[in-house]
Amino acid sequence: MSTSQPDASRQPEDSATPDSILHARTGTEVSPEDLVLASGKDLTPRNLEWAERKLAEEGPAALDKILP
């Protein structure tokens, strides 16, 4: 009876990806729509107003705080 060994070159499925790899913003402008969608909300006038206020207060960093 043989036992199979996991491939040592593969990472375990439960390992986390480092934050430095996950952030992919390219320096382009962040729109209120981007912020609403990244937060998982629907594109409604109320949510767009929320996003506009958040962007006015925090700038593009508002999106970085929402994304992993």
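The values are calculated or read from the model by the stated rules, or taken from the named source; none is laboratory data. What you see is a predicted model; the values in this text were computed from it and never measured.
For region 38-49, the set of residues classified as farther than 14 Å from L67 by Cα and assigned to a loop (DSSP other than H, G, I, E, B) consists of D42, L43, T44, listed by residue number.
S4: at pLDDT below 90 and not acidic (D, E), yes or no?
yes
E52 meets all of the listed conditions (1) part of a helix (DSSP H, G or I); (2) at pLDDT below 95 but one, namely (2).
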